[in-house]
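First the structure, in the form of structure tokens, and then the observations on it.
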Amino acid sequence: MTSRRLDQILLAAGVLVLWQLLHWAVGPDVVSSPWATVARAIELMRTVAFWGHAAATASAFGLASVIAIAAGIGLGLWLGLHRFAGDVADPILGTVYSIPKITLYPLILLVFGLGISAKIAFGVIHGIFPIAIFTMNAVRNVAPVYRRTARVMRLSSVATAATILAPAALPEIVTGVRVGVALTLLGTLIGELFAATSGLGFALIRAMDVHAVTDILAITMLIFIFAASVNAALGLVERRARHGG
Amino acid sequence: MRPSVWSNAGRAMAASLDGQISLRGVTKVFPGHDGHPDVHALGPVDLDIARGVFFTVVGPSGCGKSTLLDVLAGLSPATSGTVTFEGRPLAGGVPDGIGAVFQQDASFFWLNVRDNVAFGLRRRGVGGREIDRRVDDALAFMGLADFAKAFPAQLSGGMRQRVCIARTLVLEPKVLLLDEPFGALDQQTRLLMGDELLRIWRETGATVVLITHALDEAAMLSDQVAVMSARPGRFIDIVATGWPRSRDSRIVSDARFGAITAHLWDKLREESLRAMGVGDPPDNRVTGA
């Protein structure tokens, strides 16, 4: 654990050094220095406008995540428990998952218009498929010996699902949620970049329009920290589910 | 010091030698699909396993040993014939009083050892204090007391299999079905688990039905060894070993152990060769055992 922590610190230090070198190489008009960026990020965090954008992104991302997780797990469970439906849906889900969703953006805009619902929809279509695929496979891959054990213990099918199949499938489902939530954030931010009137993605695009390099990097860094924190939190949940404690 | 739960179990041994499990004309045919023909996996077989006996089934791979176990556990219905447990025909599902341990690791990775062992009792709505007592006994009996808080991921394969055995024994089964439970373990662990199994059998008084492909294991552990033919599986021989009830793995040095193993191998070799369509040249043929 300590050596892993050391690795993380070394990695962070390495990134900072590279960043500084890049800043010296290309100049402040292209890449601001790490220190200037951190200072600007702290400054931004003291403004009301920043928190308005952050709140807009957070609420869109939060809602999109809830919808993607609920619908993705629901769909995945159903497909996992119904062999035939799963066999039919498996290649379809795989194909839809691999489509670049950005091509659907004009359609989403036409349907949902500018605003939070388009962002949410765009987040959901990024997140729902990986979650559904992981969940379906999680249920399908539960070791057959668990089902046999349940039958020898004379459990009802409801008790089997609740006390054996669900916990056995949980680690894989959490992995799917982790991947899905990361993609939901991506989808939400892309939605904000292209057509929105608020949110961190919108703030980023506006900073690009006025060529405020330090702002661009400061906002990017804050988004990165947020995404990394969400991922780390879900990683913790995943480890707990996998090792049972 | 023997845990209290197990001390009364020996009494079951005094019971009659009636067929606790009886199979009459049992067959199992798996229907073919996608143009494949039906697979006739088992039988017809007749079999009586008396109460308290250590009964082992050996046979060439794919001969329907596991199908037999599924059928007599009630996990899979017979295509024809009748299976009776304690005189009552199986009516869909596993009857109360049958426990099973499989080759694959079935320990619940999300529960610690104690909760694994308590699982079945909790599902049956047994009272908390009763659960604690019986789980403590089962953990002590299987040498798991020091690992009660450990999770399966922290244990070796052999220890995990002990957890599965403890989880089954705590429900006090009258028949313990074991489908190659040591198949995934190394040789040394297998021998030690064999001793463990004999001790469990002796002290619980349960009837044990073991499926294995290891002839030495069969010869060492069993009162009776049934040799199965290639598919469709039928019994071509049932050998009574005549071992004393107090045996352990040291009987492998007994001269009769070699003779029994050789006899089983003779039967099985003949059958396996026949199944592969290869016959011994007549002058090479091993003469009768």
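The values are calculated or read from the model by the stated rules, or taken from the named source; none is laboratory data. The structure displayed is predicted, hence computed values, not measured ones. Cβ sites come from the backbone with ideal geometry, for glycine too, and all protein chains shown count toward neighbours. Remember, those area values only see protein heavy atoms, side chains included, never the ligands or the DNA or RNA. Shrake-Rupley method; radii C 1.70, N 1.55, O 1.52, S 1.80 Å.
In segment B:36-51, which residues are within 30 Å of B:Asp223 (Cβ to Cβ), of a type in the set (D, E, K, R) and in contact with a Gly (Cβ under 7 Å, 6 or more places away or on another chain)? I'd like the intermediate steps shown before the answer.
Residues of segment B:36-51 that are within 30 Å of B:Asp223 (Cβ to Cβ), as a first pass: B:40-51.
Right, trim to of a type in the set (D, E, K, R) and you get B:46, B:48, B:51.
Once the filter is applied, which keeps residues that are within 30 Å of B:Asp223 (Cβ to Cβ), of a type in the set (D, E, K, R) and in contact with a Gly (Cβ under 7 Å, 6 or more places away or on another chain), segment B:36-51 yields B:Asp46, B:Asp48.
May I ask you to list the residues in segment B:243-258 that are open to solvent by 60 Å² or more (accessible area, probe 1.4 Å) and either in a helix (DSSP H, G or I) or among the β-branched types (Val, Ile, Thr) (or both)? Step through it out loud before you land on a result.
Taking segment B:243-258 as the starting set, the residues that turn out to be open to solvent by 60 Å² or more (accessible area, probe 1.4 Å) are B:244-246, B:250, B:252-256.
Within segment B:243-258, B:Arg250, B:Val252, B:Ser253, B:Ala255, B:Arg256 qualify.
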Quick one: which of A:Arg140, A:Arg154 is within 14 Å of another protein chain (Cβ to nearest Cβ) and open to solvent by 40 Å² or more (accessible area, probe 1.4 Å)?
-> A:Arg154
Breaking point among (1) of a type outside the set (Gly, Ala, Ser); (2) within 14 Å of chain A (Cβ to nearest Cβ); (3) over 19 Å from B:Lys174 (Cβ atoms), for B:Pro95 = (3)
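Against the definition (more than 18 Å from B:Leu198 (Cα to Cα), within 13 Å of another protein chain (Cβ to nearest Cβ), part of a helix (DSSP H, G or I) and in contact (Cβ under 8 Å) with a residue 12 or more places away in the chain), how does B:Ala118 come out, yes or no?
Working: more than 18 Å from B:Leu198 (Cα to Cα): yes; within 13 Å of another protein chain (Cβ to nearest Cβ): yes; part of a helix (DSSP H, G or I): yes; in contact (Cβ under 8 Å) with a residue 12 or more places away in the chain: yes.
Judged against the criteria, B:Ala118 is a match.
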Breaking point among (1) within 14 Å of another protein chain (Cβ to nearest Cβ); (2) part of a helix (DSSP H, G or I); (3) modelled with pLDDT under 90, for A:Ala168 = (3)
Those residues of segment B:98-108 which are facing chain A (nearest Cβ under 7 Å) and open to solvent by 50 Å² or more (accessible area, probe 1.4 Å) amount to B:Gln104
For residues that are farther than 20 Å from A:Pro167 by Cβ and exposed (fewer than 15 other Cβ atoms within 10 Å of the Cβ), tally how many sit in segment B:144-156.
-> 3
Those residues of segment A:14-31 that are under 29 Å from the mean Cα position of the chain (by Cα) and either under 19 Å from A:His211 (Cβ atoms) or among the polar types (S, T, N, Q) (or both) come to a total of 4
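Yes/no matrix, rows are residues, columns are (1) at pLDDT 95 or above; (2) within 23 Å of A:Ala168 (Cα to Cα); (3) open to solvent by less than 70 Å² (accessible area, probe 1.4 Å):
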{"position": "A:Ala64", "(1), (2), (3)": "yes, no, yes"}
{"position": "A:Leu79", "(1), (2), (3)": "no, yes, yes"}
{"position": "A:Ala85", "(1), (2), (3)": "no, yes, yes"}
{"position": "A:Val88", "(1), (2), (3)": "no, no, no"}
{"position": "A:Pro91", "(1), (2), (3)": "no, no, no"}
{"position": "A:Gly94", "(1), (2), (3)": "no, no, yes"}
{"position": "A:Lys101", "(1), (2), (3)": "no, no, yes"}
With respect to B:Ala214, determine if the residue is of a type outside the set (S, T, N, Q), surrounded by fewer than 20 Cβ atoms within 10 Å (Cβ to Cβ) and in contact with a Phe, Trp or Tyr (Cβ under 9 Å, 6 or more places away or on another chain).
-> yes
Taking segment B:121-143 and keeping only residues that are in contact with a helix residue (DSSP H, G or I) (Cβ under 8 Å, 6 or more places away or on another chain) and either among the hydrophobic types (A, V, I, L, M, F, W, C) or open to solvent by less than 60 Å² (accessible area, probe 1.4 Å) (or both), one is left with B:Leu121, B:Val126, B:Ile131, B:Arg134, B:Val135, B:Asp137, B:Ala138, B:Leu139, B:Phe141, B:Met142, B:Gly143
Looking at segment A:173-193, is at least one residue within 13 Å of chain B (Cβ to nearest Cβ) and open to solvent by less than 40 Å² (accessible area, probe 1.4 Å)?
-> yes
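Can you tell me how many residues in segment A:12-42 are in contact (Cβ under 8 Å) with a residue 12 or more places away in the chain and of a type outside the set (Gly, Ala, Ser)?
Restricting attention to segment A:12-42, the residues satisfying the condition of being in contact (Cβ under 8 Å) with a residue 12 or more places away in the chain are A:16, A:19-20, A:28-34, A:36-38, A:40-41.
Going one step further and asking which of them are of a type outside the set (Gly, Ala, Ser), we end up with A:16, A:19-20, A:28-31, A:34, A:37-38, A:40.
Here the count works out to 11.
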Report yes if A:Val174 is in a helix (DSSP H, G or I) and under 17 Å from B:Leu111 (Cα atoms), otherwise no.
-> no
Within segment B:175-210, considering residues that are modelled with pLDDT under 85 and among the charged types (D, E, K, R), the one surrounded by the fewest Cβ atoms within 10 Å (Cβ to Cβ) = B:Asp186
